[in-house]
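Worksheet for the structure shown next.
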Amino acid sequence: MMQKRIDLVDDGKPNHPVSGLLLDLETGEDGLELLDMLKAAMPEVPVTAFGPHVAVEMLQEARDRGADFVMPRSAFVATLPEMLERMKGAI
């Protein structure tokens with residue numbers, strides 16, 4: 001199912017420039033599996049992954065699987081405007 005979603009984005013139409021991806025690790029599906037797919041499809045695009053602060057193992061697993069930035073949801077919400085401005089400036 002997740003691969004199908006990625007394939008919809010990769011439909012041959014220009015999707016660039018992508019300056020970064022924001023990934024909620026609690027997407028209702030396997031966020032870590034989605035992270036693997038995203039990093040395999042677009043290794044050059046930085047991924048910021050976030051999730052509950054109590055999910056220490058999941059956050060560490062995201063780091064281990066190659067997420068460029070990993071943070072608890074509270075830090076993500078606090079820094080979101082700044083992150084979006086940086087991403088906007090990178091386009």
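Any read-out appearing in this document is the output of simple, stated calculations on the displayed coordinates, not a laboratory observation. If you're wondering where the values come from, they're calculated on a predicted model, not measured in any experiment. Every residue, glycine as well, gets a Cβ built from its backbone with ideal geometry; the counts of neighbours run over all protein chains shown.
Points to keep in mind about this one:
- Computed 3J(HN,Hα) for segment 52-68, one whole-Hz value per residue from the Karplus formula 6.51 cos²θ - 1.76 cosθ + 1.60 where θ = phi - 60°, is x, 5, 7, 8, 4, 5, 5, 5, 5, 4, 4, 4, 4, 8, x, 4, 6, glycine and proline marked x.
- When you count the other C-beta atoms within 10 angstrom of each residue and take the mean per peptide, 50-61, 71-82 line up highest first as 50-61, 71-82.
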